[in-house]
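Reviewing the structure listed below.
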Amino acid sequence: MASAPKSLEVTGSTVEEAISKGLAELGKSLEEVEIEVLSEGKKGWLFIKGEPARVRITVKEPVNVEEVARETLAGLVARMGFRARVTTRIGYDMVGEEGEEPPLVLNLTGHHLEMLIGRKGEILSALQLLTRAMVSKKVGHNVNIVVDVENYRARRWKFLTRLALRMAEKVEKTRRTVILEPMPPYDRRIIHLALRSHPTVTTKSIGEGDKRRVTIFLKNQAQ
């Protein structure tokens, strides 16, 4: 089977018409191609024949998001003065909502990288936010990226999930609300997700700013 053309020249009465014809032939959207106007065309006049508009439409090469993300994070960390290796994986173990696409996990390994985590993962969260923004801009669409250091986030996810289930069991037995210690947004989200489908308990965040906590309580209890 012949492969689809990567580039073609198309004519039309106007540039817009030529572009529209080319996109239809390629089966691509405007965002997926690069357009070069070869001629805007000329209108005919009396016995002088006009010329059609002519454009060249080239399909953009697909961007390797994983490579872009790895290079972006490696560059950021190097500029911060750290030497680290970046490995990638698909975070099937970090899926939150049902049907949610698993994130691309970028894990940093090396010596003396503890400073990249920070207090309760605050520096790591900032690094993740910056990496997401930069990669999304480079590839032209939002990319769900999790930045990790020595699998800190992966271990934290497992620990907090176990904690949530253990506290849910305590609430069931004592029929009393459990209030957890203050946590950053990323950690609170893990608790909420761990118990989102629990048959008897539910969760709610209370407090403001750095003192915001997760409460776990029976579904039939008013909060």
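Along its principal axes, the range 84-134 has C-alpha extents of 36, 22, 20 angstrom, given from the largest down.
Based on the Kirkwood radius over alpha-carbon pairs, what is the Stokes-Einstein translational diffusion coefficient of the range 55-169 at 20 °C with 1.002 mPa s viscosity, in µm²/s? The diffusion coefficient I find is 138 µm²/s. Using every pair of separate Cα atoms, the Kirkwood estimate puts the hydrodynamic radius of the range 143-196 at 12.3 angstrom.
Using +1 at the Cβ of each Lys and Arg and -1 at the Cβ of each Asp and Glu in the range 80-223, identify which of Pro102, Ile190, Ile145 lies farthest towards the dipole's positive end. Of Pro102, Ile190, Ile145, it is Ile190. Solvent exposure of Lys60, expressed as accessible area, is near 90 Å², computed with a probe of 1.4 Å over the protein chains only. Label zone of Thr109 (point 7 Å out along Cα→Cβ, amide N under 12 Å): in the range 64-90 this covers 85-89. Given +1 at the Cβ of Lys and Arg, -1 at the Cβ of Asp and Glu and no other charges, the dipole of the range 137-181 around its Cα centre is 80 debye to the nearest 20. Calculated from the structure at hand, Cα extents along the principal axes in Å is found among (1) 51, 46, 34; (2) 95, 47, 41; (3) 54, 41, 33 as (2).
Relative contact order, whole percent, for the range 90-210 stands at 23, derived from Cα pairs under 8 Å and 6 or more residues apart.
Pairs of alpha-carbon atoms within less than 8 angstrom and 6+ residues apart define the contacts here; what relative contact order does the range 1-138 have, in percent?
Result for the range 1-138 is 18 percent.
With a Förster radius of 30 Å applied to the beta-carbon distance between Thr177 and Glu101, the computed FRET efficiency rounds to 0.35. Think of each Lys and Arg Cβ as +1 and each Asp and Glu Cβ as -1; about the Cα centre, that makes the dipole of the chain roughly 1220 debye. Calculated [222 nm] ellipticity per residue, helices only, for the chain: -11500 deg cm²/dmol; basis is -39500 (n - 2.57) per DSSP H run with n ≥ 4, divided by all residues, nearest 500.
Of all aspartates and glutamates in the structure, the ones whose alpha carbon falls short of 17 Å from that of Lys137, not counting any fewer than 8 places away in one chain, are Glu31, Glu32, Glu61, Glu66, Glu67, Glu71. Multiplying the residue separation of Val68 and Glu32 by 0.36 nm and removing their Cα-Cα distance gives an extension gain of 11.2 nm.
On the accessible surface of the range 29-79, probed at 1.4 Å, how many percent belong to carbon and sulfur atoms? Accessible surface attributable to carbon and sulfur in the range 29-79 totals 53 percent. Loop exposure criterion: GluC sites (Glu not before Pro), DSSP state outside H, G, I, E and B, at most 13 other Cβ atoms within 10 Å. Applied to the chain, the longest stretch between such sites is 101-207. Alpha carbon centre of the range 8-30 versus the range 142-184: separation in Å? So the two Cα centres are separated by 52 Å. Rolling a 1.4 angstrom probe over the protein heavy atoms with all chains in place gives the chain an accessible area of 64 Å² per residue. For the residue pairs Lys158/Lys204; Lys170/Lys219; Lys173/Lys211; Lys6/Lys138; Lys21/Lys43; Lys28/Lys49, the alpha carbons lie more than 25 Å apart in Lys173/Lys211; Lys28/Lys49.
The values are calculated or read from the model by the stated rules, or taken from the named source; none is laboratory data. Keep in mind the model is a prediction, meaning the values are calculated, not measured. All Cβ positions, even for glycine, are placed from backbone atoms using ideal geometry, and neighbour counts span all protein chains on display. With ligands, DNA and RNA removed, areas are computed over all heavy atoms of the protein, side chains included. Shrake-Rupley method; radii C 1.70, N 1.55, O 1.52, S 1.80 Å.
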